[in-house]
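Enquirer: Please see the structure below; I have some questions.
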Amino acid sequence: MFRKSCLICESQNLKEILNLGMHPFADTFIPKEDLSNSDKAYPLICDLCSDCGGVQLRCTTNPNDRYCGVDYSYTSSNSNFSRTHWQDYAQEVISKISLKEGFVVEIGSNDGYLAEQFIAKGHRAIGVDPSPYMAKLAKERGVETLIELFSQKTSEEILKNFEKADLIIANNVFNHSETPLNFAKAVANLLNEEGSFIFELPYWGESIESGKFDQIYHEHVSYFTAKSSAKIMEKVGLYISSIEIVDYHGGSLRVYAKKQKNSEDHCEELHKLIQKENNLGLFDVKKYNLFMNNLIYQRNKFLKSLYTLKEKGSNIIAVGAAAKGNTFLNFYQLDKSIIDFVTDSSPHKKEKYTPLTRIPIVGDEVFEKYLDKEVYALILSWNLADILKPILSKINPDIKFISPEKTIAL
Ligand SMILES: [Zn+2]
């Protein structure tokens with residue numbers, strides 16, 4: 001089914017801006033026993049709302065299908081990199097909003113690592129997450145977790161059993177919601193009069209400016225701009241007190257919102273960012289025609305170089321079996337005939353296959369097998385490239401790195 005109205009402002013003034021072809025669920029990997037089944041694929045089309053400047057997927061998919069094969073081995077605390085990120089996050093947020101002995105609710109709390117950081121600093125914190133497995137891990141850390149998708153009902157439940165929240169956090173969850181407006185209403189219902197709501201999600205402006213399109217996948221239902229963030233907050237009686245771009249997931253928007261007190265509340269950073277979005281052409285269909293043409297040009301150029309390498313008998317291995325990697329592989333239509341393997345460190349993904357492209361997933365140690373051969377690595381988790389390259393080069397110093405931006409070996 002196609003969405004006919006904007007999820008944020010309910011306008012029907014939607015215009016198609018990007019069409020990336022048919023894509024499967026990006027966060028679902030195929031176990032060996034399911035290889036005889038077909039993978040579901042849906043059109044990956046983005047529409048721009050001319051009224052609020054939000055971007056959303058046109059095609060609806062069933063959330064139950066979307067998350068049934070998700071690898072729950074990914075946790076907030078699974079790497080040094082992410083642990084440091086969340087420790088810094090807690091520190092920064094507490095000092096920015098001057099939080100004192102507050103009650104914190106984290107929506108999409110995963111294994112409770114971030115909520116635990118607030119508890120360690122003398123606050124009370126609970127989590128909300130639909131995964132019973134994650135709730136169990138969080139409990140082991142001392143973080144009580146409600147096992148559900150956050151909704152109005154959840155906010156009522158928390159109000160009944162706890163109290164109004166001084167801080168509500170939602171990192172990378174708002175954009176997964178089928179009903180972001182209801183989500184925001186429930187947040188406003190739960191928030192203390194003086195409280196803060198902080199949400200972080202991949203920034204659409206950054207994707208378009210950098211030419212990266214791989215944050216687009218069926219699990220991300222909507223894509224936020226500063227303009228649409230302000231609109232959705234305004235709709236539920238909140239206003240943006242601060243907004244910034246942080247270097248996570250290759251450029252995320254971190255938004256601080258509070259309850260509307262008076263019309264004089266003015267956030268200079270917000271106005272500057274909306275101005276920048278206007279100048280960038282983010283609300284102009286013509287900008288996206290150009291973006292799409294560039295994407296196709298880059299794809300054709302890169303494919304040509306990959307085919308040449310393959311003709312010479314080179315081996316090409318992709319690195320990072322993550323959701324965004326699947327958007328890339330499917331848009332480039334790269335399968336086993338070009339990419340020998342995709343590597344990933346998660347034991348839950350090894351021995352599975354990428355959706356639709358059906359490339360086998362193995363560990364990074366596969367590079368050892370190519371010590372005396374010509375081998376190229378295409379890093380799909382490009383935001384972690386600086387961390388991954390030395391690790392991979394240690395396994396095999398002869399690896400040559402390739403990317404669509406630099407089609408020759410780096
Ligand atoms: Zn809208």
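Enquirer: DSSP beta bridges in the chain, what fraction antiparallel, as a percent rounded to 5?
Expert: For the chain, the DSSP antiparallel bridge percentage is about 50.
Enquirer: Now for a separate question. Considering only protein heavy atoms and a probe of 1.4 Å, how much of the accessible area of the range 286-402 is carbon and sulfur, as a whole percent?
Expert: The C+S portion of the solvent-accessible surface of the range 286-402 is 53 percent.
Enquirer: Would you kindly work out the equivalent ellipsoid of the range 286-402 from its C-alpha gyration tensor and give its semi-axes, the square roots of five times the eigenvalues, largest first in whole Å?
Expert: Numbers: eigenvalues 112, 55, 40 Å².
Its equivalent ellipsoid spans semi-axes of 24, 17, 14 Å.
Enquirer: On a 0 to 90 degree scale, rounded to 10, what angle separates helix 226-235 from the longest Cα axis of the chain?
Expert: The angle comes out at about 40 degrees.
Enquirer: Can you give the Kirkwood hydrodynamic radius for the chain, in Å, rounded to one decimal and based on Cα pairs? Please list the in-between numbers first.
Expert: Numbers: mean 1/r = 0.0447 Å⁻¹.
Kirkwood radius, the chain: 22.4 Å.
Enquirer: Continuing with this model, one more query. Run down the lysines and flag those whose C-alpha is under 29 Å from the C-alpha of residue 139, throwing out any fewer than 8 positions away in its chain.
Expert: Leaving aside lysines fewer than 8 places away in the same chain, those within reach of residue 139 are 96, 100, 121, 153, 160, 164, 185, 349, 350.
Enquirer: Can you grab the distance from the C-alpha centre of the range 1-41 to the C-alpha centre of the range 305-377, Å, no decimals?
Expert: 23
Enquirer: Using a 10 angstrom cutoff on alpha carbons, build the Gaussian network for the chain and name the most mobile of 202, 130, 24.
Expert: Maximum among the listed residues: 130.
Enquirer: Hey, rough spin-label estimate for residue 393 and residue 210, points 7 angstrom out along Cα→Cβ, what's it come to in nanometres?
Expert: 2.1
Enquirer: Please list, by residue number, every one of the chymotrypsin sites (Phe, Trp or Tyr not before Pro) in the range 7-79 that is coil in DSSP and has at most 15 other beta-carbon atoms within 10 Å.
Expert: Passing both the DSSP loop test and the Cβ count: 72.
Enquirer: Under a 1.4 Å probe, what is the accessible area of the range 1-133 per residue, stated in Å²?
Expert: Working: 6020 Å² over 133 residues.
Per residue, the range 1-133 has 45 Å² of solvent-accessible surface.
Enquirer: Run the quick spin-label model on residue 285 and residue 298: label points 7 Å from Cα toward the beta carbon, then report their separation in nm to one decimal.
Expert: So the label points at residue 285 and residue 298 sit 2.4 nm apart.
Enquirer: Tell me, in nm to one decimal, what length is gained between residue 88 and residue 148 on full extension, where the rule is 0.36 nm per residue of separation less the Cα-Cα distance?
Expert: Length gained between residue 88 and residue 148: 18.9 nm.
Enquirer: So which GluC sites (Glu not before Pro) in the range 3-48 end up in coil per DSSP with only 14 or fewer other C-beta atoms within 10 Å?
Expert: Numbers: sites: 10, 16, 33; in loops: 10.
Here the GluC sites (Glu not before Pro) that fit, given the DSSP loop and packing criteria, are 10.
Enquirer: Can you list the aspartates and glutamates whose alpha carbon is less than 16 Å from that of residue 40, not counting same-chain residues fewer than 8 positions off?
Expert: Within the straight-line cut-off, residue 40 pairs with 27, 65, 219.
Enquirer: Over the range 286-402, with the other protein chains present, what is the accessible area per residue in square angstrom, probe 1.4 angstrom? Mind showing how you got there, number by number?
Expert: Numbers: 5560 Å² over 117 residues.
On a per-residue basis, 48 Å².
The values are calculated or read from the model by the stated rules, or taken from the named source; none is laboratory data. Because the structure is predicted, anything quoted here is derived from the model rather than measured. Heads up, the Cβs are rebuilt from the backbone with ideal geometry, glycines too, and the neighbour counts pull from every protein chain shown. Each accessible area value is taken on the protein alone, full model and side chains, heavy atoms only, with ligands, DNA and RNA left out. Shrake-Rupley method; radii C 1.70, N 1.55, O 1.52, S 1.80 Å.
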